[in-house]
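A short reminder: the numbers here are calculations on the coordinates, not readings from a lab. Everything numeric here is computed off the predicted structure, so don't read it as measured data. Cβ: placed from backbone, ideal geometry, glycine included. Neighbour counts: every protein chain shown.
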Amino acid sequence: MNDKSDAQSSQRLERRWLVGAALGSAAAAVGAALWWRGWREAPLQENEAPSAELAAFWATSWVDPQGKALNVQQFQGRPLLINFWATWCPPCVEELPMLNVFFQQNKANGWQVLGLAVDRVEMVQKFLKQNPLEFPVAMAGLGGSELGRILGNVSGGLPFTVVVNGAGAIAQRKLGRVSDENLRQWAAIK
């Protein structure tokens, strides 16, 4: 009976240790995530010069989901929100209506929004038919992932948003779903 009691006590101690280790790991992961969130949402210098990173963006040619050419140079000289998204990405799909409202409310102030779909044409066409957007969408395909990395999305995650000011400099980057607060702050960028 004593051996059985010792074995049960040992098992309980082992379980407590495993639960403690799991909780400690979870706490470390949450801490790392919060630190990372703070870094990726940190604003850049407001008067930063136009970046070499954006040269890759301006040099890229895109087509819309119907195959029509989209001239990227038309977006230069005014504030621009570039959003990398995909139909298979739930946070991307959740934020698109907010981005559409942002565009509607701020286009009179010179704001532009460009959605870069890192997806298949058929999926984007189907999505836009059911969920029309007022801002232009271009097909970035797999090249969009590489462009996202060049613009600061080292993990390649989606959604990823880059805000470019009217002077052509990157004013903000955000990996993950945008919030109403992000959009309110970004609307002040000129």
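Data table
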{"item": "Ranked list, fewest to most other Cβ atoms within 10 Å of each Cβ, for THR60, THR161, THR87", "result": "THR60, THR87, THR161"}
{"item": "Packing-based order for 131-139, 111-119, using average beta carbon neighbours within 10 Å, highest first", "result": "111-119, 131-139"}
{"item": "Along each principal axis, Cα extent of the stretch 44-187, largest first, Å", "result": "40, 29, 28"}
{"item": "Approximate spin-label separation ALA56-LYS129, in nm, with each point projected 7 Å along Cα-to-Cβ", "result": "3.4"}
{"item": "Between the stretch 65-112 and the stretch 128-151, the alpha-carbon center distance in angstrom", "result": "8"}
{"item": "Spin-label zone in the stretch 95-120 - amide nitrogen under 19 Å from a point set 7 Å from the Cα of ALA188 along the C-beta vector", "result": "102-103, 105-107, 109-112"}
{"item": "Volume per residue of the C-alpha convex hull in the stretch 57-120, rounded to whole Å³", "result": "93"}
